[in-house]
Structure formats: structure tokens, C-alpha cells
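Have a look at the structure below, then the notes.
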Amino acid sequence: MTARVLDGLKIRDEIFAELRRQAVDLYLQQHVRAGLAAVLVGDDPASQLYVKSKIEACHHLGLASWMHTPSASSTTDDLLKLVDDLNRDYRVDGILIQLPLPKQVDTKRVLEAVDPAKDVDGFHPINLGKLVSNRPGLVACTPAGCMEILRRNQIPIEGANAVVLGRSDIVGKPMALLLMHANATVTICHSKTRDLPDVVRRADIVVAAMGKAGYVAADWIKPGAAVIDVGTNKVTDPAEATALLKNFPRRLEKFHAKGSVLIGDVHPDAINAAGALTPVPGGVGPMTITMLMSNTIKAAKLRRGDSTAPPSPSPDTQKDTAQQNTTPSAAGAR
Ligand code: GUN
């Protein structure tokens, strides 16, 4: 049987509609226009594309946004100064430092300098600590998005055996904590895990986030399991693409036309074993930006929802040296 496809674009649209309403309410009731400051250091094309999408999402929801683009030769001190300015700017609810930073920069120091109340990526140790102890805070966007996919598709989590493949600070570890807090029994697997296929075969929920194209074989998946595929691996080798897509002739044709294909960490054949599965692309991918927007509004509510901060000035009175979204439509007018 073919798995139910867990459509990330559909869930993104659903959440965007909710966020637009929240942004309007915040503006009308508290005169707060939630705002995100994005910091893009250097000129890496992939990072430029990611940040552009994040700024566009702000426009779409009527949030204020500022883009800061320090040069690739910026020092740690330059970035600490910028972060300090953004921490002090009451209009800025969320600060996003696009990673990776240039190698001369101490990334940890820069990330730890972000005010935890504005840490919309959920990378600050204070927010990680809150997640460990299941207290409210800002949670990393990709794992938070995976939880939304599970919840909004009514996939039972309580009591389920969940296996998380990958132990990164920004996906694997927070994902395992979120599943545990939702009362799943969680196993975290990594490169040294023994009998990996057998561990995965016991899972009702599999979250694959180790960054290896098609690594999780279809016959590792328990029939009917829910599979969340976080991987987005660009495959360019024709032999590899042919092996991965032998049962998907139309995708293989597209690969030959384009010269590359995006493959998740789960083998495409798993569609015939799983009960439900996120596609790549179009599954977890769109959820990361969605949860960034959600975190920005959440941060605005937590920081300013009590009306103790001065009201947001109308966008045309805002002065900033950064490129700025000055769309004057009240939050969420489109
Ligand atoms: N670079 C790649 N993914 C991410 C992300 O989720 N957040 C940030 N800040 N940088 C990234």
C-alpha cells in the first residue's frame, strides 16, 4: 500500500492563515507590528536565497523585517556589536543569524549574544535549557515544524516508539526532547548505533535527520509507520540517482533533464512501506520558515504583548540603515 503523503505546503498555508490573523490582532489590539531582523554575513548564494525567502514570508504576513548584510570579512566583534544593537532595538522581536558564518567568526559567541527573548531560531543555550525542562521558550524551527506535521495529521505520539536518526543540536536533540515531552518513547540513533535497521524496524514514528541521501532503506520501515524525512540532499551523480529512483521513472527523467534531484534521508521506495510520509521536497522544508514566522509572532507577544514597551511607530517613521520592509499595509493585509 502507498503511504499517505504528509503535505508540508498545505500545513504551511494553514499555519500562515492563523499567523496572519494573530499578526493583525497584535497590531489592532496592542499597536505592535512584529518584526524580524535577519543577518546575512557575506555573499553565499544558498544563504542569500534562504534569507530572501524568510524576508518574503515576513512581507506575506505583514511583519516588519530588516536585512543586515555585513561583509564576508566581518569579525566576531563586528557581529557582536550588530547583535547588541538589535538586542536593544525594541522594534526587533526576532533576530535571525543565517548560518554558516565565515570561518574567522566565533559562531557560538555570536549566537549566545542574541537576547534569548529574541532568539527565534531557538539556538540559545537558555532556550535549549527551557526545552530540556519543558518550560515555555523559543524552540528550533525544524523540529517544531516536524511536531506540527505530526499533530496536524493526527498521528498518535503518546506511547508511540519514536526513533530519531541524527543527534545534531538543531534538529536531532530538540526533536527527541519534543517527542519525549509528547509522551513518546524515544530512541536517538547515530553513526555508532548498533543494528540500526532493527532499531528503526521497531519505530511507529521515524524522524530521519542525518543528511545522507536515501540512507534509510524501505525494508527498515515498520509497515504503517509515520516517517518524517528532514533530509534534503542534492544528488548529482547519475549512478546514484538511477539507483535511488529506479522505481520512479518520471523523477529519473526529470533528473536527467536537470542534472540534479533532491533526495531525503529516507529511500524513495519507503513510500510503499510507510503508513504516512513527508515528501522531499514539499514536506519538512516549508515548515522551517513557517515556524520561524510563528516564533517571531510568539516572541513579539511575549516581549511586547503586555503593552509595557512603547508602541511600534508606523513603518514609514522607522529609520534604519538596513534594507527594510516598509510595506505600510497593516499587519496581514494580504
Ligand atoms: N542555515 C541553514 N539552516 C538554518 C536555519 O534553520 N537557521 C539559520 N539561522 N541558519 C541556517
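See the values below:
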| read-out | value |
| --- | --- |
| Test: residue in the stretch 169-190 that is over 25 Å from Arg152 (Cα atoms), more than 16 Å from the ligand (Cβ to nearest atom) and free of Cβ contacts under 8 Å to residues at least 60 places away in the same chain | yes |
| Selection status of Val261, touching a helix residue (DSSP H, G or I) at 6+ places or on another chain (Cβ under 7 Å) and within 19 Å of Gly172 (Cβ to Cβ) | no |
| Matching residues, the stretch 38-65, being farther than 18 Å from Leu111 by Cα and open to solvent by less than 40 Å² (accessible area, probe 1.4 Å) | Lys54, Ile55, Ala57, Cys58, Leu61, Gly62, Leu63, Ala64, Ser65 |
| The stretch 247-266 - residue that is in contact with an Asp or Glu (Cβ under 9 Å, 6 or more places away or on another chain) and surrounded by 14 or more Cβ atoms within 10 Å (Cβ to Cβ) and, of those, farthest from Ala208 (Cα to Cα) | Phe248 |
| All helices (runs of 4 or more DSSP H) inside the stretch 1-102 with 2 or more residues being within 21 Å of Thr232 (Cβ to Cβ), at pLDDT 95 or above and within 16 Å of the ligand (Cβ to nearest atom) | 8-30, 45-61 |
| The stretch 223-243, subset open to solvent by less than 70 Å² (accessible area, probe 1.4 Å) and assigned to a loop (DSSP other than H, G, I, E, B), residue farthest from Val164 (Cα to Cα) | Gly224 |
| Residue count, the stretch 204-219 (criterion: open to solvent by less than 70 Å² (accessible area, probe 1.4 Å) and either assigned to a loop (DSSP other than H, G, I, E, B) or without any contact (Cβ under 8 Å) to a residue 40 or more places away in the chain (or both)) | 7 |
| Ala257 vs. criteria in contact (Cβ under 8 Å) with a residue 24 or more places away in the chain and part of a helix (DSSP H, G or I) | no |
| Candidates Thr296, Thr288 - the one that is within 16 Å of the ligand (Cβ to nearest atom), more than 19 Å from Ala209 (Cα to Cα) and part of a helix (DSSP H, G or I) | Thr296 |
| Unique residue being open to solvent by 50 Å² or more (accessible area, probe 1.4 Å) and more than 30 Å from His31 (Cα to Cα) when the list is Gly166, Gly129, Gly159 | Gly159 |
| Test: residue in the stretch 107-129 that is within 14 Å of the ligand (Cβ to nearest atom) and farther than 25 Å from Tyr90 by Cβ | yes |
| Candidates Gly211, Gly159 - the one that is small (Gly, Ala, Ser) and more than 16 Å from the ligand (Cβ to nearest atom) | Gly159 |
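The values are calculated or read from the model by the stated rules, or taken from the named source; none is laboratory data. All values derive from a computational prediction rather than experimental measurement. Heads up, the Cβs are rebuilt from the backbone with ideal geometry, glycines too, and the neighbour counts pull from every protein chain shown. Areas reflect the complete protein model, heavy atoms only, side chains present, ligands, DNA and RNA absent. Shrake-Rupley method; radii C 1.70, N 1.55, O 1.52, S 1.80 Å.
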